[in-house]
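Step one of this worksheet: look at the structure below.
Coordinate-derived values only; no laboratory data. Worth saying up front: this structure is predicted, and the values here are computed from it rather than measured. So basically every Cβ, Gly included, is an ideal-geometry build from the backbone, and we count neighbours across all protein chains shown.
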Amino acid sequence: MALYVYWFLLALVLLGLEMVTGTFYLLMLSGAMAVGGFAALLGASVTWQLTLCAAAAVASSGAGARVSSARRPRWPQPDSFPPRRRARS
C-alpha cells in the first residue's frame, strides 16, 4: 500500500478513539495525521510529511488549549466570599 493510505488509516483510528473517549485533542491529532496524508498524496518526502504533521499537531493543540482555557468558568476567588458568622456558644 502507498504511504498516504497509512496516514489516513491512522487518522481514522484516532478519530474513532476520539469518539470513544470524547477528548478534543485526539480530533486535532487526527486532523494532523490527515495533513500528513495529504502531503504524502501530493508526493512530498517522508521528512516533509512528518514535519507538516508535527506542525499541524502543535498548531492545532495550541489553538485547542487556548480555546478550552477561554471557555473555563471563572469561579469567584475564596477571598471574595462574605465572612461567615460564628455561632454563639
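Of note:
- For segment 3-68, the orientation-averaged shadow of the C-alpha convex hull comes to 4.0 nm² (one quarter of the hull surface).
- Annotation: extensible slack from L15 through L3 equals 2.4 nm (criterion: 0.36 nm per residue apart, minus Cα-Cα distance).
- Ranked by the mean number of other Cβ atoms within 10 Å of their residues, highest first, the peptides 17-24, 31-38 fall in the order 31-38, 17-24.
- What the phi angles of segment 34-51 give under the Karplus curve with 6.51, -1.76 and 1.60, with θ = phi - 60°, is a coupling list of 5, 4, x, x, 5, 5, 5, 5, 7, x, 6, 6, 4, 4, 5, 4, 5, 5 Hz, glycine and proline written as x.
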